[in-house]
Amino acid sequence: MTIHHKMDKPDHRNRLDSMAQGVLHTGMNRPEGPLKVTGTATYAHEDHQPGMLHGVLVRATIARGTLDGVDAAAVEKMPGVKAVMWGEKFPRNPAQGTANKAPVQGSSDIYYLGQPVALVVAETFEQARHGAQSLKLQVTETKAVTDPYADDIEVERPDGKQSSQGDLDAAMQDAAFIVDQTYTTPGHSSAPMEPHTAIAWWEGDQLHLRATSQMLKYNKNEIADAVGIPAKNVHMKSPYVGGGFGAKLGISSDAVTAALAARELGAPVSVAMSRQQVFEATMRRSETVQRFKLAADKNGNLIGIGHTARVSQLPDESFAEPVTQATPFLYRGENRETSLEVVRVNATCAGSVRAPGEAVGLTALEIAMDELAVAMGIDPVELRRRNIPLKDPSDGRDFSSHMLEEAMDDGAKTFGWADRKSGKTDGDWMIGYGMSSAVRVNMIGKSAARVTLNPDGTVLIETDMTDIGTGTYAILSQVAGEMLGVSQDKIETRLGDSDLPESAGSGGSWGASSAGSSVFLACEKLRQDIATKLGCDEGDLTLKDGVATAANQQTPLTDLIGDAPMVVEGEITPGETMKERRQATFGAFFCEVGVNRVTGEVRLRRMHGSFAAGRILNAKTARSQCLGGMTFGIGMALTEELIQDLRDGHIVNRDLGEYHIPVNADVPQLTVNFVHERDPYANPMQAKGIGELGICGAGACIINAIYDASGVRVRDLPATMDKILPGLPDL
Ligand code: MOS
């Protein structure tokens with residue numbers, strides 16, 4: 001039995017508010033937590049197979065050219081070495097998120113330094129690594145394009161990424177206040193804790209793959225296409241994933257080469273990327289150059305917004321960091337222009353990294369808005385309040401729900417924004433305050449899950465959905481527990497197996513809403529079936545702790561199920577509500593920083609975020625997502641920067657020692673509030689995506705506070721000491 005539901009109409013029923021179990025929204029612990037902290041949750045690289053061989057990838061040492069041959073014979077003679085592989089099926093790039101087809105293949109063309117071009121397989125990892133390090137490559141080097149800022153670089157303006165309404169130039173002329181500034185953000189690496197790894201083995205023409213994957217529905221098609229088999233012959237498992245951040249949306253070289261090698265050698269093959277390979281050969285976020293034009297009338301009402309952004313990408317790849325994504329609808333203004341420009345460079349493939357688009361685009365917009373508030377001499381909260389649109393200003397659509405003002409008010413109150421004093425000092429530290437808005441587009445994807453109510457009253461939830469550290473096991477168990485009135489000790493959730501019903505996967509902040517809705521739909525049908533057995537309306541049925549109550553009669557759930565399990569599959573599909581309404585999550589950040597008047601060092605002292613994302617499914621995991629997002633914001637503002645040497649195109653800081661993500665000492669007390677919201681247009685649960693909202697705009701809050709503290713306006717991120725020191729007043 002499958003329940004299909006297309007989201008064509010808003011769902012105003014608030015079903016989840018009328019259930020009795022009381023487990024949804026609570027900060028319930030993750031059911032798989034004990035497995036993870038005791039080291040017994042099996043991650044991809046730990047699922048060793050009997051007779052397993054080890055493959056180590058060989059990287060290109062030039063940024064552009066051809067691979068004319070490899071000295072395989074010398075390496076094949078080395079102890080334990082089983083094979084040296086390269087050639088036309090060899091993966092060149094990682095697959096983009098939701099690509100659903102093979103990534104670009106072929107190792108004879110070299111497009112970036114660090115591109116995997118060969119694989120050495122041996123009996124032990126050490127033998128394979130020695131072989132890989134010893135393999136001589138014959139290459140012909142040609143001139144690489146490494147500098148995305150070069151004057152003579154060709155600029156593409158892809159269709160569908162340019163928009164214009166009204167007359168922005170005229171608005172800039174007529175405005176009482178304007179901002180016209182250029183902001184730059186560096187490249188970023190997703191840098192998940194767990195490196196990309198895969199173990200592949202074949203049973204006849206059936207491929208088994210343990211992989212580090214966010215989206216099995218797409219990943220199985222990608223790997224099937226890459227190795228030339230039907231998708232039904234692929235069985236993938238990713239029950240636990242140690243962080244994705246976009247880098248595991250599509251498959252990477254580890255999975256493709258493991259599958260090819262295992263087929264050729266007739267044995268299981270493991271390929272694990274080193275940390276350096278993760279930096280070089282998975283996804284990077286493009287650096288951006290963004291010019292913002294803001295035009296406001298004398299009352300601080302925006303009459304024009306212009307946003308032009310340039311990003312870079314490899315040749316043959318269509319993804320372009322969607323920098324202007326939130327600009328069309330966040331603020332008012334009838335004269336608007338957005339433009340996205342792409343330049344082609346020989347650098348690691350650009351793809352989705354932690355809130356692609358808003359993470360960097362909104363950061364620049366929110367710095368520009370702060371500059372406008374300063375120019376006008378008004379409170380930055382007030383400037384934003386005056387410019388909240390009633391409808392999407394780019395196309396006139398209504399919003400599905402809109403809580404920016406509420407989030408700003410809640411955040412300002414919690415933080416004590418009104419009590420801030422400018423010009424405060426603390427020893428050598430100049431203290432300043434900043435704020436910024438948060439916004440992230442909201443979506444669902446087609447997603448299915450099977451829910452089984454067993455005769456003993458236990459519940460099994462099954463879907464190929466992944467948990468990449470976000471809390472999927474917890475929230476799906478909570479949705480079912482709430483709907484069916486079953487305690488958590490009786491619920492098992494199985495995830496990350498491509499044989500299970502296909503979900504939308506983890507990405508784009510849509511995982512919880514999509515997979516959660518499919519579980520909700522299956523459970524709603526199970527409730528109807530139980531009601532039928534009791535002879536009552538489903539709406540009159542109360543399910544709690546394994547007992548069904550209707551018309552004051554109590555019946556144990558197990559008496560109603562019967563001898564056979566009750567099994568329902570639920571499937572949600574996006575529909576008209578996603579087109580008819582502009583859907584987004586909103587929030588606001590507030591922070592206090594200290595800028596050292598002697599060294600220019602910045603210390604974040606405290607930071608608060610208030611967010612609205614529809615129904616919150618688990619208070620603890622949702623809060624953790626936001627804390628993580630704000631922590632990314634700290635990195636983006638202060639330290640994080642993927643540095644490429646433009647002379648030869650190599651990534652300079654390709655490890656976690658030199659690529660500076662925030663560490664504990666960089667992160668002070670962070671606090672998070674959720675604003676009450678139900679979004680009936682989003683999905684039947686009325687929940688929206690929370691995964692990436694906490695990143696979007698967070699960095700700007702800190703940059704704005706640096707200005708408030710020191711008078712130094714940083715427009716080139718991150719705000720390292722060298723950019724602040726020259727602007728500080730003489731001691
Ligand atoms: Mo996300 S960058 O869509 O995993």
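The values are calculated or read from the model by the stated rules, or taken from the named source; none is laboratory data. Keep in mind the model is a prediction, meaning the values are calculated, not measured. In this analysis, Cβ positions are derived from the backbone assuming ideal geometry, glycine residues included, and neighbour counts consider all displayed protein chains. Please note that ligands, DNA and RNA were not included when accessible areas were found on the heavy atoms of the full protein model with its side chains. Shrake-Rupley method; radii C 1.70, N 1.55, O 1.52, S 1.80 Å.
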Original post:
Short version: ³J(HN,Hα) in whole Hz for each residue of the stretch 396-402, in order, from phi by Karplus 6.51 cos²θ - 1.76 cosθ + 1.60 (θ = phi - 60°), x for Gly and Pro, what are they?
Top reply: x, 6, 6, 7, 5, 6, 8
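Kindly flag which residue pairs out of Lys36/Lys237; Lys217/Lys446; Lys161/Lys688; Lys446/Lys688 have an alpha-carbon separation exceeding 20 Å in this structure. Mind dumping the intermediate values first?
Numbers: Lys36/Lys237 17 Å; Lys217/Lys446 10 Å; Lys161/Lys688 25 Å; Lys446/Lys688 15 Å.
From the list (Lys36/Lys237; Lys217/Lys446; Lys161/Lys688; Lys446/Lys688), the Cα-Cα distance tops 20 Å for Lys161/Lys688.
If you rank Val269, Val23 by how much accessible surface each has, with a 1.4 Å probe, what is the order from largest down? Numbers along the way, then the final one.
Working: Val269 0, Val23 20 Å².
Largest accessible area first, the residues go Val23, Val269.
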Original post:
How many nm is it between the label spots at Lys723 and Ser18, if each spot is 7 Å from the Cα in line with the beta carbon?
Top reply: 5.3
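Taking only protein heavy atoms into account and a 1.4 Å probe, give the accessible area per residue of the stretch 32-140 in Å². Display every interim value, and only then the final one.
Values: 4690 Å² over 109 residues.
About 43 Å² of surface per residue is accessible.
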**OP:** Among the GluC sites (Glu not before Pro) in the stretch 116-172, which ones are in a DSSP loop with at most 11 other Cβ atoms within 10 Å of the Cβ? Mind listing them?
**Re:** Glu154
Original post:
What ³J(HN,Hα) values, in whole Hz, does the Karplus curve 6.51 cos²θ - 1.76 cosθ + 1.60 give for the stretch 424-434 when θ = phi - 60°, with x put for Gly and Pro?
Top reply: 6, 10, 9, x, 7, 9, 8, 9, x, 10, x
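Using heavy-atom solvent-accessible surface (probe 1.4 Å) with all chains present, what is the largest-first order of Asp11, Asp428?
Details: Asp11 15, Asp428 75 Å².
Order by accessible area, largest first: Asp428, Asp11.
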Subject >> Helix-only mean residue ellipticity at 222 nm for the chain, each DSSP H run of n ≥ 4 adding -39500 (n - 2.57), per residue, nearest 500 >> reply: -7500 deg cm²/dmol
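For Asp645 and Val598, calculate 0.36 nm times their separation in residues minus their Cα-Cα distance, and state this gained length in nm to one decimal. Provide the component values of the computation, followed by the final result.
Working: separation 47, 0.36 × 47 = 16.92 nm, distance 3.04 nm.
Going from the current span to full extension adds 13.9 nm.
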Original post:
Can you give the direction-averaged projected area of the convex hull of the alpha-carbon atoms in the chain, in nm²?
Top reply: 33.0
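Using the beta-carbon distance between Asp71 and Leu656 and R0 = 25 Å, what value does 1/(1 + (r/R0)^6) give for FRET efficiency, to the nearest 0.05?
Numbers: r = 33 Å, r/R0 = 1.31.
So, using R0 = 25 Å, E works out to roughly 0.15.
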Original post:
Taking the stretch 643-731 as the region of interest, what is the percent of Cα-Cα pairs per 5 angstrom bin, listed from the shortest bin to the one with the maximum distance?
Top reply: 2, 9, 12, 16, 16, 14, 11, 9, 6, 3, 1, 0
**OP:** Mind listing the long-range amide H neighbours of Gly505? Cut-off is under 5 Å, sequence gap 5 or more, other chains count too, H placed in the peptide plane at 1.01 Å from N.
**Re:** Thr466
Original post:
If one computes the Cα centroid of the stretch 1-70 and of the stretch 453-510, what distance in Å separates the two points?
Top reply: 12
Subject >> Relative contact order computed over the chain (Cα-Cα under 8 Å; 6+ residues apart), in percent >> reply: 18
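How many Å² of accessible area per residue for the stretch 623-731, probe 1.4 Å?
Working: 4150 Å² over 109 residues.
Here the residues of the stretch 623-731 average 38 Å² of exposed surface.
Compute the signed sum of charges (Lys and Arg +1, Asp and Glu -1) over the other residues within less than 15 Å, Cβ to Cβ, of Leu383.
Details: positive: Lys298, Arg332, Arg384, Arg385, Arg386; negative: Asp297, Glu366, Asp370, Glu371, Asp379, Glu382, Glu405, Asp409, Asp708.
Overall, the nearby charge balance is -4.
Express in nm, to one decimal, how much length is gained between Arg397 and Asp716 on full extension, taking 0.36 nm for each residue of separation and deducting their alpha carbon distance. Let's see the in-between values first.
On the way: separation 319, 0.36 × 319 = 114.84 nm, distance 3.43 nm.
Taking Arg397 through Asp716 to full extension adds about 111.4 nm, to one decimal.
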Original post:
How far is it, in nm, from the label point at Asp540 to the one at Asp489 when both lie 7 Å from their Cα along the line to the Cβ?
Top reply: 3.4
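For the stretch 298-389, which whole-number percentage of the solvent-accessible area (1.4 Å probe, protein heavy atoms only) is attributable to carbon and sulfur atoms?
Numbers: 910 of 2110 Å².
The nonpolar share, carbon plus sulfur, comes to 43 percent.
Enter the accessible area per residue of the stretch 532-580 (Å², integer; probe 1.4 Å; all protein chains in place). Write out the running numbers ahead of the final one.
On the way: 2740 Å² over 49 residues.
Computed with neighbouring chains in place, this is 56 Å² per residue.
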Original post:
Between Arg129 and Gln528, what is the spin-label point distance in nm, taking each point 7 Å from the Cα along the Cα→C-beta axis?
Top reply: 5.7
Subject >> Rounded to 5, percent antiparallel among DSSP beta bridges of the stretch 442-545 >> reply: 50
**OP:** Normalising by the residue count of the stretch 1-141, find the relative contact order in percent from Cα pairs under 8 Å and 6+ residues apart.
**Re:** 31
